[in-house]
Structures are given as structure tokens and as C-alpha cells.
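Nothing in this text is a laboratory measurement; each read-out follows from the coordinates by a stated rule. Just so it is clear, the structure is predicted and the values come from calculations on it, not from any experiment. Positions of Cβ are generated from backbone atoms using ideal geometry, with glycine treated the same way; all protein chains shown enter the neighbour counts.
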């Protein structure tokens, strides 16, 4: 419905207009594909609306859906909510861009949409002559019956998008607030949700709902003295003696991030994780890839939960490669001396053939084994990638 040939009247933003008024949105200039983009200011026209007063009779003809009487621009340059076709907005009047020839009411600016249905999704003005007809809201966004507004708590500041995005700044206590009671009343919390899963709403999507950190697509919760019922994706904590509290049991100041996937990327410097107690990482697989090296350091490093929990000889220490090979070298040298002696062994009357042969064979094998070790450098028995102190 946006790519249309406007034949409406020229914009009337004269100083004689009312200082404030409520008007119907006929169209919105979103980008350079709009047919009137060049005629109405090019980049200066972006996000502006074409409107007509709601007091005008509703023309249900094809042309009537296109006629407008004025153009209005967003008042706030930094925070905008772009209205949809047939929504109503509050206009105020202000100066134009030519300050040398500008009156106080030369240009119309829209402040906000009128909350006609007290709903964050769509507040399009219905057609008077046929209240049951579908309201044209233009292209790019659809009616979603399941979208519902958030249930507000006392003193809340809430920002709600049309498609279930929300930011809640809260802390007041009410029967509808499951996060606040007499113990933490007036303690602030902040919820950011991108997409709300509407599990307890009526069919028309008007019954207020609450955020659900488990079911909403992605969320960030910041608390000060609250318990959040987050269900962990993996609860394995076998490496702990004293497991930390799960989020659903912990009460205090914390930040919880929950989504289908989390990506932390530092494109210029480091990612640092620091905790006064522990850093718990658990998953189906745990993969660490280092380009230069991977270094683990602690008073003790345990590989496996039994290595940590075992007592006495159940705690199996790792052997050090160079030291083990020095030990093996000494042992091989001792045995080599013995095998050399066996090759010349006699019983006073002559050689002992079996012992001489065994000694000769052992000497040859020990020489081969000796070539496998190198107590001062690389060898076939020692890893080229993993090192211990």
C-alpha cells in the first residue's frame, strides 16, 4: 500500500493551524522508494508522515485512502516511534528550517501516537462507516493477535515495542508482581526482553502478561535483591565441593542473560571473566581453542571429579616427562651394566651359553629402548603440546 501515486492536496502547515491537534496518518515516508520522496524533501522527509484531520469524513474510495492535508516531522531527533498508516498522532507546531523566515507555528511535528486501544502493538483508527472492517496499516508490519501488553507494577517505567520487545524499570510491590514482596519492596530491578511468550493471555491479546525468562526468546535481567526463576540449560556441577545456588534459589543482586545462543566477541582486546568465588562453566562439550597456547594455573589442577574428591592414593598425580626419562635413563644404565656382565658370565670352567645369549639380547634391546628417551629435550615418549610444572 506504500507504492502509490499521491494525488492529495498540497501540505498545509500554515501558522493559522491549531497549536496542537490529533490527526490520522495517511502514509509514512520511510526511505527513497516512496513515490514522493524527492518532492517532499528527500532525506529531510525521512520518517515524516502525511496526514489529514480525523474530523474529516472517511472516504472509502481508492483515492480517499491517499488524500492528505499536511506533512509532519518527528519532534524528537533522538527517540522516535514511527507511526503506522491510519494510526492517530498528536501534532504540535514549531519553526521551519529557514530560521531567518520562520514563525513559531510554521511546521507540524508529531509527538506520539494516540494510545487509542491502550496497547503497544497497533492503534490504527477504525473506519467509522464499517467498524468491523480491517484497518489498512500499510506494508511492512502485520497485525499479530497474540501480542499482548505488559502488566505494569506500581511506579513502573516501561518501554514497549510493537512486536513484544520491552524494557521494564520496576521495583514497586503489587499482587501482580511475583518478584517483589515486603522484604525487597522498593529495591530496583530492570528487565530487557526481546519477544514475549504469551502463555496466559486471552485470545484477543489484550490481557496483560508478564515476562518469562525461560520462555521469552532472549532476555537480560538486572536485579538488586530478587529471585529469578531461570531454569539452567545444564545443571552438571560435579567439579564442585559446594555447588553455587541455582538462579531460582539465589536472592540478591545479579545479572542474568538468557537466549537461544550467546556470543561475546571482543574485536580489539580481551574478554575478562573474574569472580571472587568461582566461575562455573558446564555444557555437553567444553571446547577451548588457543592459537598460541592454553594455560591453566592454580595451586592444584584436577582432571576429573574423582581426582578432586579422591583421598590418599586415589589422587593420582601427573608424571613430569623429563624427570621420568632421567629415572628411566638411570634404570636402563643399571640394567645395561648387568646385561653386559651376563654376556661374559662363566662358571669357572667356561661360558654359560644361556646366560651369555640372554645378556647379549638384553643389551641390544636396552640400546634400542635407550634411543627412545631424551631427558633434556624432545622424545617420542613426551607430548609436544601438553606441559606440566
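Calculated mean residue ellipticity, 222 nm, the chain: -4000 deg cm²/dmol, from DSSP H runs (n ≥ 4) at -39500 (n - 2.57) each, averaged per residue and rounded to 500. Axis angle, to the nearest 10 degrees, between helix 321-343 and the longest C-alpha principal axis of the chain: 20 degrees. Highest mobility in the GNM of the chain, judged by mean-square fluctuation with C-alpha springs under 10 Å and restricted to 268, 243, 320, is found for 268. Under the criterion of Cα pairs below 8 Å and six or more residues apart, the relative contact order for segment 143-232 equals 30 percent.
Relative contact order for segment 318-389 using alpha-carbon pairs under 8 Å, separation at least 6, rounded to a whole percent? Intermediate values should be presented prior to the final figure.
Details: 59 pairs, mean separation 27.5, N = 72.
It rounds to 38 percent for segment 318-389.
Each of residue 284 and residue 192 was given a label point 7 Å from its Cα along the Cα-to-Cβ line. The distance between the two points is 2.9 nm.
Per residue, the average separation of C-alpha pairs within less than 8 Å and at least 6 apart gives the chain a relative contact order of 9 percent.
Between residue 324 and residue 347, what is the FRET efficiency for a Förster distance of 41 Å, r being their Cβ-Cβ separation, to the nearest 0.05? That gives a FRET efficiency of 0.60.
Set against the labelled values [x] 38.4, 138; [y] 22.5, 81; [z] 24.6, 88, Rg and Dmax of the Cα atoms in Å computed from this structure falls on [x]. Computed over segment 144-294, the percent of Cα pairs more than 22 Å apart is 51.
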